[in-house]
Amino acid sequence: MANIDARGQQCPQPVIMTKKALEEIASGEIITIVDNITARENISRFAANMNYPHEIEEKEGCYYIKIKKTEEVGHKVENNDFVVVIASDKLGAGDADLGRLLMKTYTYTLNETKPYPKAVIFMNSGVKLVVEGADALDNIQQLAEKNVEIISCGTCLDYYNMKDKLQAGVIGNMYTIVEYMNHASKVINIS
């Protein structure tokens, strides 16, 4: 069993280190050690998306994530999954007030229309839609209740100083975002 010490590493390094360690073995177990909740959640999501059984143990302020890889277990493929990437808090390039209204309407309609996306990813000013006080927040929280994964770019939340205001979904990193986009059957970009 290999131990991956990712304590003190900035995202997305813990996920990348875990992925590389798993690629080096045909089967077996690895344990990735991280020292923050964001890294713990990102690695846990990565393992779940790859369909690897995993468990988390907390010891002395660190998280030990044990991931098991067998030859029979691999990446889940879903034929009809798609991902929506929202890169702005407004829809379109016209009037700002109209753009905000259109974005609220878009998220409402996305919430009311099947099939639901596998994930909705928020980047750039799109992260303003998942924080307290956002007009579209109720729609996005309802999507999350329908098992749509809501992922917000951590760098973007930091840039806008909104990480502590997040009200829907989880904080992701660029590695997570690229993985979701690469494995989706279709990516819809909204800006």
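The values are calculated or read from the model by the stated rules, or taken from the named source; none is laboratory data. Computed from a prediction, not measured in an experiment: that's the story for all the values here. Reconstructed Cβ throughout: ideal geometry from the backbone, glycine too, with neighbour counts over all protein chains shown.
Here are the numbers for this structure:
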| read-out | value |
| --- | --- |
| Qualifying residue in region 114-123 (condition: over 17 Å from LYS186 (Cβ atoms), assigned to a helix (DSSP H, G or I) and not small (Gly, Ala, Ser)) | no |
| ALA134 more than 22 Å from ALA47 (Cα to Cα), assigned by TED's automatic domain parsing to the domain that holds LYS90, touching a residue at least 24 places away in the same chain (Cβ under 8 Å) and of a type in the set (Gly, Ala, Ser) | yes |
| Residue match in region 54-71 (condition: among the acidic types (Asp, Glu), closer than 20 Å to GLY169 by Cα and touching a residue at least 12 places away in the same chain (Cβ under 8 Å)) | no |
| Pairs with Cβ under 8 Å, 6+ apart, first in region 6-24 and without any contact (Cβ under 8 Å) to a residue 24 or more places away in the chain, second surrounded by 15 or more Cβ atoms within 10 Å (Cβ to Cβ) and not β-branched (Val, Ile, Thr) | GLN13/ALA6; MET17/ALA6; MET17/GLN9 |
| Selection status of VAL178, assigned to a helix (DSSP H, G or I) and either more than 23 Å from THR105 (Cβ to Cβ) or touching a Lys or Arg at 6+ places or on another chain (Cβ under 7 Å) (or both) | yes |
| Residue list for region 1-22, filter: surrounded by 15 or more Cβ atoms within 10 Å (Cβ to Cβ), touching a helix residue (DSSP H, G or I) at 6+ places or on another chain (Cβ under 8 Å) and among the aliphatic types (A, V, I, L, M) | ILE4, ALA6, VAL15, ILE16 |
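Residues checked against (1) modelled with pLDDT under 95; (2) surrounded by fewer than 16 Cβ atoms within 10 Å (Cβ to Cβ); (3) within 16 Å of the chain's Cα centre (by Cα):
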position: MET123; (1), (2), (3): no, no, yes
position: VAL131; (1), (2), (3): no, no, yes
position: VAL148; (1), (2), (3): yes, no, yes
position: MET162; (1), (2), (3): no, no, no
position: THR176; (1), (2), (3): yes, no, yes
position: GLU179; (1), (2), (3): yes, no, yes
position: SER185; (1), (2), (3): yes, yes, no
